[in-house]
Structure formats: C-alpha cells, structure tokens
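Enquirer: One structure follows; several queries about it will come next.
Derivation of every value follows stated rules applied to the coordinates shown; laboratory data play no part. A quick note: this is a predicted structure, and the numbers were derived from the prediction, not measured. Backbone-built Cβ (ideal geometry, glycine too); neighbour counts: all protein chains shown.
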C-alpha cells in the first residue's frame, strides 16, 4: 500500500510539474490513445501498480490541463497546492460527512469553515452554509429553503403535501440568468418556462426599474457575476424593494460572490449581505479541487428544514450534522480542503488572489484592444469577451486557439454577437501567461488571414 501511494504521488507531482511544458488541450494522438483503457475486464484483477501505470500513462496526456495557468475556460479555477494536498489526505481518510458521529473531523472543519466564510464575505452572523457539489446544487438548496418558507407562511406544508394544489410561487429572474439556475428551477418543481424575466442592460445587469410587482409569494433571483461579462445585478436597490414586499431573495453568485472578499472589488457586491440565500462555487475562485460548491442561507432553520430527513439509525450528536444542510446524505467532506485553502491564504491572500485575477483580466482586455481586436464588455471583474469580426471568423479563431494549445478559452454568444470568452480564475496565472496568450492569439489570427 505504501509503495503504491508513494508511486501515485510521484506520478501526480510529475503531472503537475509538466503542465508548463505541455499543451493546454490534449493532442489528437493522446485522445485517440484513450482506447487503450478499454481493455477486456479480466477474470483475475490486475496488480494495483499496473492499474495506476496504465491510468497515468494513457490518461494523463489526454486531460485538459485546467490546472494550468493558461486555462481560461468556463470560469474554472486551479487547485491551490495546500487545498490539493488536503484533498489527497481527505481521500485517504475516506470520511462520510453525513453525521458528526461518522466523521467528527469533517463536522468540525465544516463548522470552522462556515464561520470563516460568513465573516470573510460579510454575511449575516449565524448564516448557515451547506457544502454541496457546485452552484447547481447550491441554487437548488437555496431555492428549496425559499419554497418551504414562503409556502409555510401560507399554511402549506410542502414537505408533506408537495406542490400539488399549493399556492403559486412567482419566480423573477433577469433575462441573462445562468443555465444552472434554470436547471435548479426545474429540479425544484418551479418549471423552467414559468419564470418572469426582467430586462437587462448591455452588460447583462437586471434593470431595477423594470422589476415587476412582487409579494410574499415571490422569489427574486439575482446574479452576482454574469457568466459572460462579470457584471452584477443592482442588489442593494432590488433587495430593498423585494424585502419590503415580503419576497425571498436568492443570489446566484457562482464566482462573483468572492468579490466580497476583496476590499477593492467588494463594492460590486454591495447589498448581497441582505439576501436570504446565496449560491457560489469554491472550485472556481477559491481554487479548491472539484467538486465543491456552497449554499449560504441567512435563516439556518430554513435550510435545515428543507434538507433534513430522519431515521432511527441517524443518531444525532447535538453537534453539526452535515445532512442538515445539503441534499446529499452520504458525501465527502468538502469542508476539509476549504478549511485548508482559507488557512493557507488568510484574509490578505484571498483578497490578493481576487485582485490579481481581475487585474490580469483587465490587462488581457487592454492588450487585445492594442492588437486591434474588439472587447465587447466592460471588464469589471475577471471576465473578458472578445470579437474577431463576424460569427464565422470568431468561431474559427476560438477553435484554432483551442487546437494550438498555448492557452484555452471558450466561445459564447453575447446579446446576438459571437465571442471568445476569457476568464481569469487561477491562483497560478501570471502576467507572462497573459502575454503568451495574447501572442498565441495574434499568431493564430495572422495564420487565418
């Protein structure tokens, strides 16, 4: 066992060290070699070292190097070294985070992480945090708490009766709301097509003056960090209106919520501390390994009532019970690497990480404009949209840069215009990475002319 784990750790270190000298996207040859993994299932199992050897030698070259400093796709962060090491140790621990009794260390670390996160992000003291898979389940959890509270106020027990014949809840979203919210709304039973859409401005921000009449049976869903532009809905104004009417406010802050950890950028997120529930990802800007999402609910009991079940064998300790706050019961202890990441960064380190990514995004946008390309958005956070002309040309450049391998950025459609979407989310990205990426894009464009 010791030699197997040591060998695997060496292979992992070699993989990480090789990121700087390999392509960001896998080569066609590496992808084609994946067929070598499709061996006949043996009657007698292979030796463990042979299994890991095949996995590494065939699998590692075929990965997308999303842990690399020049991966700028999908708002995917890298993994902080301390967080990755904690993840490895947690894997060896193999803890089940369902109960305090199944893992005291998981419960305690999640309790500590909860306190740190609430304080760092300036949220209401006592806010509950659920450690979930990602923003989709964080949105789901926040919406479940909202649904239960609003219907309970109307004398309806949704846990017992479901949504059949329940009072109708209105859901208000901005026109640019994210796909994860759309999916969560479907999962929670609200439907994807029944939402009331509020018009947005040229940066994707909800126009507060266009907010419809809301009441105590309304959930208003805001966005903190538009997935294309990085812009924020005007939370302070909208939340005040919603609260006065008795509505619940939920915020999809998958990456934008982390702006609150930076004194320089916290103003973008002003007012979010008054929301009832907020969803975010830790595997984005906190740079912990996948998968790791967070739901924050101001009313701790509301989240617990929506998530908790009971059974004779689920013996509660009086301490933090993980299944009170997440849809899952059996799950890994995601708070372990979050605790490690926060402790290794500290307040200043987390703020510096956010600031640096935003500054590098601005640098990239400026360099793109200097090279004659069009930046489509106001770069207020870590997102940049680039147009290279018409749809066909922009798609060609995006596909070519992905194939070239120096860096990776994805494509998108923004208010009728095709664009390359560039997101700076990794702790490892440097100014040199930005310049290398600019030069690679420039050369790709020249090769297509």
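Enquirer: For the range 85-341, rounded, prolate or oblate, judged on the Cα gyration tensor with a ≥ b ≥ c (square roots of eigenvalues), a/c < 1.5 rounded, else prolate if a/b > b/c?
Expert: oblate
Enquirer: Averaging over every viewing direction, what projected area does the convex hull of the Cα atoms of the range 286-393 cover, in nm²?
Expert: Here the figure is 11.3 nm², rounded to one decimal.
Enquirer: Ranked from highest to lowest mean number of other Cβ atoms within 10 Å per residue, what is the order of the peptides 181-188, 264-271, 26-33?
Expert: 181-188, 264-271, 26-33
Enquirer: Using alpha carbons only, what's the Rg to Rh ratio of the range 295-348 with Rh from Kirkwood?
Expert: Ratio of gyration radius to Kirkwood radius for the range 295-348: 1.05.
Enquirer: Let me ask you something else. Going by how many other beta carbons lie within 10 Å of each one, how would you line up 373, 274, fewest first?
Expert: Lowest count first: 274, 373.
Enquirer: Which of 141, 362, 317, 262 has the fewest other C-beta atoms within 10 Å, and how do the rest follow up to the most?
Expert: Least crowded to most crowded, the residues run 317, 362, 262, 141.
Enquirer: For 401, 338, 315, which order do you get if you count the other beta carbons within 10 Å of each Cβ and list the fewest first?
Expert: Ranked by crowding around the Cβ, least crowded first: 315, 401, 338.
Enquirer: May I ask for log10 I(q)/I(0) of the range 2-68 at q = 0.15, 0.18, 0.27 Å⁻¹, from a Debye sum over the Cα atoms as equal point scatterers with solvent left out?
Expert: -0.55, -0.75, -1.20
Enquirer: Ignoring everything except DSSP H segments at least 4 long, calculate the 222 nm mean residue ellipticity for the chain; use -39,500 (n - 2.57) per segment, divide by total residues, nearest 500.
Expert: So the helix-based figure for the chain works out to -12500 deg cm²/dmol.
Enquirer: Can I ask one more? Please report the spacing between the Cα centers of the range 60-75 and the range 137-189 in Å, no decimals.
Expert: 35
Enquirer: Rg to Rh for the range 236-328: what is it, with Cα atoms only and Rh by Kirkwood?
Expert: Rg/Rh for the range 236-328 comes to 1.04.
Enquirer: Right, next: Could you please state, rounded to a whole Å, how far the C-alpha centre of the range 415-429 is from the C-alpha centre of the range 226-282?
Expert: The range 415-429 and the range 226-282 have Cα centres separated by 21 Å.
Enquirer: May I ask you to derive the relative contact order of the range 2-68, considering only C-alpha pairs under 8 Å and at least 6 residues apart, and to give it as an integer percent?
Expert: The normalised contact order for the range 2-68 reaches 53 percent.
Enquirer: Which three semi-axes in whole Å describe the equivalent ellipsoid of the chain, each the square root of 5 times a Cα gyration tensor eigenvalue, listed largest first?
Expert: Taking √(5λ) for each Cα gyration eigenvalue gives 36, 31, 20 Å.
Enquirer: Please state the shape class of the range 1-130: rounded when a/c is under 1.5, otherwise prolate if a/b exceeds b/c and oblate if not, all from the C-alpha gyration tensor.
Expert: It comes out oblate by the Cα gyration axes.
Enquirer: Pairs of Cα atoms under 8 Å, at least six residues apart: use those to get the relative contact order of the range 85-341, whole percent.
Expert: Relative contact order here is 32 percent.
Enquirer: Another question about this same structure. Once you have the Cα-Cα distance between residue 160 and residue 370, take 0.36 nm times their residue separation minus that, and quote the gain in nm to one decimal.
Expert: Contour length minus the Cα-Cα distance gives 69.5 nm.
Enquirer: Turning to a different aspect of this structure: How high is the relative contact order of the chain, in percent, counting Cα pairs under 8 Å that sit 6 or more residues apart?
Expert: This gives 23 percent for the chain.
Enquirer: Using the alpha-carbon centroid of each, what span in Å lies between the range 194-209 and the range 293-331?
Expert: 34
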